[in-house]
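Visitor: Dropping the structure in here first, questions after.
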Amino acid sequence: MARDPKKKPLTVDQKRYTEMVRDLVPRPPYLRNAALAYLFGGLVAVIGQFFTDIYKITLNMSDKDAGNPAVATMIFIGALLTGLGVFDKIARYAGAGLAVPVTGFANSVTASALEFKKEGLVFGVGSKMFMLAGSVITFGVVTAFFVGLIYALFVF
């Protein structure tokens with residue numbers, strides 16, 4: 001880990017303490033975490049595909065059209081599980097497999113809304129709801145703009 005050159009160098013005691021902490025802190029099980037994230041991410045994808053197929057069959061929609069209500073359903077399920085307090089328990093094991101898909105977006109919005117509901121609907125829920133998800137939305141919109149611009153310039 002690189003140190004800021006403006007800060008004072010570590011003393012001998014601080015160096016020893018840092019080494020002692022590094023030796024005592026348990027190493028995370030990276031392989032297990034990656035495998036669980038892969039499995040849970042795949043499960044989220046299978047559930048999403050299930051809803052896409054259900055909407056395709058029951059509402060006689062195309063693949064493209066059935067994707068929108070399927071995504072909305074996945075967002076609803078993620079928000080509901082967050083509100084019930086179940087999402088975080090599952091996420092302890094699933095890790096990025098649950099946090100990266102659209103369910104993680106729903107969790108971040110719902111968790112922020114629940115955390116700040118005591119401050120009221122406007123100054124709490126309304127203003128803080130997108131605190132975590134705001135950057136994702138911003139960079140998603142900016143990226144989509146530039147991809148669309150490049151597409152428009154080079155494909156047409």
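The values are calculated or read from the model by the stated rules, or taken from the named source; none is laboratory data. This one's a predicted model, so the numbers in the text were calculated from it and none came from an experiment. Reconstructed Cβ throughout: ideal geometry from the backbone, glycine too, with neighbour counts over all protein chains shown. The protein model used for the area step is the full one, side chains on, heavy atoms only, and it has no ligands, DNA or RNA in it. Shrake-Rupley method; radii C 1.70, N 1.55, O 1.52, S 1.80 Å.
Visitor: Exactly one condition in (1) of a type outside the set (S, T, N, Q); (2) within 30 Å of residue 33 (Cα to Cα); (3) modelled with pLDDT under 90 is not met by residue 84; state its number.
Guide: Condition not satisfied by residue 84: (3).
Visitor: Pairs, please: C-beta under 9 Å, at least 6 apart or cross-chain, first residue closer than 8 Å to residue 94 by Cβ and in the range 28-43, second modelled with pLDDT of 95 or more and open to solvent by 60 Å² or more (accessible area, probe 1.4 Å)?
Guide: Within 9 Å, no pair qualifies.
Visitor: What are the residue pairs meeting all of these: first residue in the range 53-81, first residue farther than 21 Å from residue 41 by Cα and outside any helix (DSSP H, G or I), second residue open to solvent by 30 Å² or more (accessible area, probe 1.4 Å) and of a type in the set (Phe, Trp, Tyr), Cβ atoms under 9 Å, and 6 or more apart or on different chains?
Guide: These pairs meet every condition: 61/55.
Visitor: Can you go through 38, 17, 55 and tell me which one is open to solvent by 100 Å² or more (accessible area, probe 1.4 Å), hydroxyl-bearing (Ser, Thr, Tyr), out of contact with any Asp or Glu (no Cβ under 6 Å at 6 or more places or on another chain) and closer than 30 Å to residue 112 by Cβ?
Guide: Step by step, each of 38, 17, 55 is checked, and only 38 is open to solvent by 100 Å² or more (accessible area, probe 1.4 Å), hydroxyl-bearing (Ser, Thr, Tyr), out of contact with any Asp or Glu (no Cβ under 6 Å at 6 or more places or on another chain) and closer than 30 Å to residue 112 by Cβ.
Visitor: Still on this structure: In the range 90-156, which helices (runs of 4 or more DSSP H) lie fully inside it and hold 2 or more residues that are more than 17 Å from residue 75 (Cβ to Cβ), of a type in the set (Ser, Thr, Tyr) and over 13 Å from the mean Cα position of the chain (by Cα)?
Guide: The helices (runs of 4 or more DSSP H) meeting that bar are 134-155.
Visitor: One residue is enough: does the range 111-134 have a residue meeting the conditions at pLDDT below 90, closer than 17 Å to residue 50 by Cα, surrounded by 16 or more Cβ atoms within 10 Å (Cβ to Cβ) and not charged (D, E, K, R)?
Guide: No, the conditions are met nowhere in the range 111-134.
Visitor: Any residue in the range 93-118 that is without any contact (Cβ under 8 Å) to a residue 12 or more places away in the chain sitting within a Cβ distance under 8 Å of a residue that is in a helix (DSSP H, G or I)? List the pairs, counting only those 6 or more apart or interchain.
Guide: 99/91; 99/107; 117/124; 117/125; 118/124
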